[in-house]
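A short worksheet on the structure shown next.
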């Protein structure tokens, strides 16, 4: 099929030559190359070339002829019909085959039909320029939105008095160790290696300080509690060590008496225990009993108490003379007797029981109950033994008993001590248990105590201050106030302290006011004596309870006093005022001052206590009249001369300062000119340039003063010649500059504030450009942090203030938690 | 500090001696006035005002709160002050215990003290100002408020009070003799009254150093000595073998200037002559401007000269054209020099102007002496007309005029405004002579042995030094010295090291002489001169008009004829045209002269001897 089409293509091309001239020559060549295998085609090509050459000869340059072809090797000449070339390809032509093909799905057929029915054409795609324009617009909007986010930050920074870089500074102060460690990363190869090692051994890397258990424990226990617990533990440990030491000491004691007593005590203890055991745990008691039996048997076997030993023999010899030896012997014998006594065999017991049973018929039940005194030899079997103990002692000699008593007392004391210690230990134990049960509770007692004690202390302080104030440290009042002020400034923020201060202040201020009043009353001599007497009397009558009352009382009294003393009081101050004021007032009122009047103004004559000697001498030396006259004449003449000279000078200065009129008249222009002819008045008036009058002289109203109007250019070199930017008028600028900022005129803090640099950078820190994260989330986090801090503070305060309440709440929480746990279990 | 305490000792001691009832009259009057006030209104509680103030503040705060909250949120972090404020707001001035602070807020500062540290007027920011401007203004206002507040608060640290002298009810304080005072006060203070009998070398002039520790005496007949007067330690004593007109300490006690018969000499504290400045001749009076390091001299030839002692340069020499200048004072406030003249005028000078800044007629006779107070408010003059006048030198208006029977030859004002006037051999001291009511009698008076030649109050001490014909007298004047000294400025108790450090600092902070003018705040003002005026000044300063000639700019030409080379060529053609003109002219003139000379020579040669009538011949 392909060969056919290629063959058929050639004539078609030839036919279409006229129509399609613009087809590329490249395709042409392709076609040629495609049909190269055939010789005929080569000829044809040659022929066409020839034709082309001929046609090109014909003057008019023809466009390259092109031919339409298909780029395949086996193109048949006959496949494409030449007659269909001019016609449009309809959609139906293409889709016609669809309906014939059976395999095509109905759906696609429908769609195609719809397509066929549709008549509206697709819109033309926008031109490149327009699309680009739209794209640019969108991009601009997007980027401007992005950028405008920074605006607030920028304006803020522009406004800011001071900028501190780098922007993200680590909060100063202490960091928790965990934070430091967590933030740390392995950088150097060594570190990395170590880390990899740790990793391989599954050691904690990121939070190596705390295991989860530890964290939990930290969470569970507050610092204070931990401290308390530590203290407890310390105490317990110390007690334990004391115990041990004591035991060691006791073991080294060689006194037999002591040991004997000790043993007895032990026995007693044991008995007590045993008794309890009998009640609570009979099985264990039985066991114990068996053991005791065993030990007794062993002792019997050893013949220890047979009085056959070396010691016993020696004692036996001594017994004749020595009382104590005899006693010891007796004791030994006693023990021996005890030991050697035959125990009641169970059968016997049974017999006895039987007997008892027999007897029981006659006797009531309670007879069977163990009788305390019945069996003194074997106390173990009896119920209550404590009462028996004194009896053997009674048996012992009185002296020994005394000694025993002493020792016993000692021992009892020791026991008591021990008991105390034990109590403490027990207490600790109990507490620990409690703690385990109820997680973290502060000890409420001390706080309550504090609360109770605080007001008392405050009152005490106040009272002490009062006392001290009364003692007469009156001069220090101001200082006290100052101190208070300073304290206020310092603002320690400790409520308790502040309370105390307040109280102190109140006291002090009250005292101050009182004192001031006292001082006033002292310093007012206008108040007559009788008034004071009245005051004293009044004090007796009316009881002044508050400051206001006192004030009012005082006022009344002073009023009375004023009424009495008003006449002299008004007289005295006015007299000197009237004397002093008038000259000043006159000066102010009179604007045009006569120079001569100013100069010859009435001078107040000063009385001098010591007459100058020089004048006296002169007077002595020369004739009085002559000198006086001479002086007067000289003065008069000098005065006249001086004034006129000065006035002349002033006038001259004024003249010099006035700008001169410029005469620009040219004679002969517009009128006759010549010798003896002057330009007319009109013309002169026309051509005289009048300069604007200068501002009034500074000394206009000062007749005796000439102030130079010349501008001082030397300062101008240092002055600001143009108004700097934000200011709109010079007064604004001048007011901004008026305050000196140097150390000479200001305090240190002020200087530091006024001369703070606009930008502060940290040495060695990299100032990175602001990142997008700095914009919004930072604030949030900041706020969150602050919120957290505030919360924490509040918690703390609450904990401090109402520790018990908080504790209770916590306890409740704990309980809830435990319940939950239980339910889970 | 020590001195202050000593000074404090005076009143009590003096009172013991003289007073039976301890009440002063003035205080009585004051008390009565208070009494009257009490009658008028209900007694004001000291806490009322503060409470009101706080209420106001709170109201303001609440109004500002909304704004503040926003800004705070934006800022993200709070300063400590803000935090405190916020806390206060939260708690509403109450403590958690429920108590209220009886003294909420900062301690109030007395208004008087605030006024003392006020610098200029507060600026109200108008409503329509731009945001940026408003911000800068408010910020600067806040800064100056802070400065004022802080300074007023720290004023508390100036604890020392000035001393005073109080007599019995009928007793005038001026009748209390120096001996009595010296006996009454403690030994150290008593030793400050002493006499030096130096009869040989004529009347003495004196000068205290700025710290008040050192005294310089210059006898008219050449005797110059400097003493550490409190310890009576003689530092140097020389005779310059010439008339000594005046003496002055320079910036420290290491150097002093002596105006001798012909020239100005500078010596160091051990009496070695350092300089003889021949540019300054016939000096009669001297003043040293400590912050400018300028030594101003007034000479008999009528010249006012300024010597910069830090660089040794003559800053200005002004011919005053007012004759012999033997009355001189400086205004410590603005470093303007006041000169008194025989025609009764006082002129004010700065080194920047050749004419007096102000010329005022003060006396009908010649001016004998004048002095200006520390704050630059008052000037006191005395003239040959035997009058003593007090002027408000800011407004140039007379305030008081006193008639002294013998006139005052020497005047001096102390740091605290006490005025000493010497009439013949009597030294009088006036209190409150400048402001307030006119004085009728002196505060203190003392007769010295000879005619007074110079008086001067000692800084930071209650001492007045009097130089006279028979030597020197140091007298005690309670309340004259400033009790609180600024150790950074002038420390009477400084060590050598401290002095050296101060010297370096002072040199670094030296004020340039150009800044001397009547208003010392000129520097902070905007120069509002017109362009023309400025241009004129520039022309004067440079010597020619820099804008007169426009620079030649060659015309742009086309077709490659405006290449850089050709432009340069064209410029060269025109360059120095005016100069060339001048040269051409001068050369032509010279040529002509030459020609003439030659011709005349020819004529001479032709004529041989000149006849008498040759002068009438016309020369071609």
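Any read-out appearing in this document is the output of simple, stated calculations on the displayed coordinates, not a laboratory observation. Everything numeric in this text was worked out from a predicted model, so none of it was measured. Note that we place each Cβ from the backbone using ideal geometry, even for glycine, and neighbour counts take in every protein chain shown.
List of remarks:
- Three-way shape call for segment B:315-408 based on the alpha-carbon gyration tensor, with the a/c threshold at 1.5: oblate
- Long-range Cα-Cα pairs in segment A:266-314 (distance over 14 Å), rounded percent: 64 percent
- Each label point was placed 7 Å from the Cα along the Cα-to-Cβ direction; for residue A:709 and residue B:506 their separation is 4.1 nm.
- Residue-span extension gain [residue A:317 to residue A:92] - 0.36 nm each, minus C-alpha spacing: 65.7 nm
- Inter-chain neighbour count for B:421-430: the average number of beta-carbon atoms from partner chains within 10 Å of each residue's beta-carbon is 4.
- Stretch gain in nm, segment residue B:604-residue B:563, where the contour uses 0.36 nm per residue and the Cα spacing is subtracted: 8.8 nm
- Cα gyration tensor category, rounded, prolate or oblate, for segment A:117-205 with a/c compared to 1.5: oblate
- Order of B:249, A:669 - criterion: other Cβ atoms within 10 Å of each residue's Cβ, fewest first: A:669, B:249
- Put a dot 7 Å past the Cα of residue A:301, heading toward its Cβ, do the same for residue B:135, and the two dots end up 10.6 nm apart.
- Approximating the spin labels as points 7 Å out from Cα along Cα→Cβ, the residue A:246-to-residue A:760 distance works out to 6.2 nm.
- Shape category assigned to segment B:394-451 from the gyration tensor of Cα positions, a/c cut at 1.5: prolate
- Calculated on the alpha-carbon coordinates, the convex hull of segment B:476-563 measures out at 267 cubic angstrom per residue.
- Cβ-Cβ distance of residue B:112 and residue B:519, R₀ of 30 Å, FRET efficiency by 1/(1 + (r/R0)^6): the value works out to about 0.75.
- Residues listed by number, segment B:407-429, amide nitrogen under 18 Å from residue B:195 label point at 7 Å toward C-beta: B:423-428
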